[in-house]
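These notes concern the structure reproduced below.
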Amino acid sequence: MSTQRNLVIINGSPKPDSNPSVSEYLSSLAETQIEGDEISIERCSARKSVLSGSAEAYTAMLESDAILIIFPLYFFCLPGLLTRFLQDYAAFVKTQESGGKVPRVYAMVNCGFPEDEINGEALRVVESFCRAIGAHWRFGLMIGGGGMLLGAKDAPFMKGVMGTIDEYLSLVKNDILTQKDSELQTMRAFVKFPSKLYFMMGNLGWKMQARSNGLKPRDLRRKPYQK
């Protein structure tokens, strides 16, 4: 009888539950596709952990066979709350007895830019985190145009992106079960959509958000902290 593996999925989005996020959607998708008789899953929120000061997520990670970190790109790197979460976990690990499990770590990062390779530096930060805690970094997925996942995931032009996400999650599941050490390359997923139209839609979205908050589009260019 095979031993059941434990996977912890970390939602690294700083958004509250009341505000839907791509990371939450991807976390749900990962749970659906990976969980089964051979793999049990526990989902944790970096935001909730940091704000509550609870070590519950850290205990789950310490006892896990694998960790999947899912987050958006913020200023070309990890969101501040996720960085704090990982720093606190690294400090937590140092207080524990050595000789425990060495988890396999995976990461999915999405950015609003259509160029998925912009996510590369953020994945290198996660890889550095793995070295700091003695974990086994495996491979990641860089998603470009992630902002379209929630509203357009069923559109024909998103078929390639969704297919790559499914393939990545399938590889993660197989990697957890087989425990092989063969090198696997980080995968890329990007929206095949005219960049000019993509940015036009993005700019329109910012203007709509400004109006919904009682501002005018020109207010987006204000610099309130500049003296």
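What follows draws every value from the coordinates through simple rules; no lab data is involved. Here the structure is a predicted model, which means the values were calculated and not measured. Don't worry about glycine lacking a Cβ; one is built from the backbone with ideal geometry, like all the others, and counts go over all protein chains shown.
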Roughly what angle does helix 22-34 make with the longest principal axis of the chain, taking Cα atoms, 0 to 90 degrees, to the nearest 10?
40
Lysine pairs with alpha-carbon atoms under 22 Å apart, region 93-196, spacing 8 or more or separate chains
7
Cross-link partners among lysines for Lys223, C-alpha distance below 23 Å, same-chain residues fewer than 8 apart left out?
Lys207
Lys/Arg +1, Asp/Glu -1 at C-beta; the chain dipole; positive extreme among Phe76, Tyr106, Thr164
Phe76
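When the helices in the chain are scored as -39500 (n - 2.57) per DSSP H run of 4 or longer and the sum is shared across all residues, what 222 nm value do you end up with, to the nearest 500 deg cm²/dmol?
Using -39500 (n - 2.57) per qualifying helix, the result is -13500 deg cm²/dmol.
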Relative to the chain, whose Cα atoms define the longest principal axis, helix 159-178 and its Cα axis are tilted in degrees, nearest 10, by 20
Residue order, fewest to most beta carbons within 10 Å, for Met187, Met208, Met158, Met142:
Met208, Met187, Met158, Met142
Sort region 13-83 into rounded, prolate or oblate with this rule: let a ≥ b ≥ c be the square roots of the eigenvalues of the Cα gyration tensor; rounded if a/c is under 1.5, and if a/c is not under 1.5, prolate when a/b is larger than b/c, oblate otherwise.
oblate
What net charge is computed for the residues neighbouring Cys130, neighbours being all others with C-beta under 11 Å from the C-beta of Cys130, Lys and Arg scored +1, Asp and Glu -1?
+3
Rounded to the nearest 10 degrees, the helix 120-133 long axis (Cα) sits at an angle to the longest Cα principal axis of the chain of 30
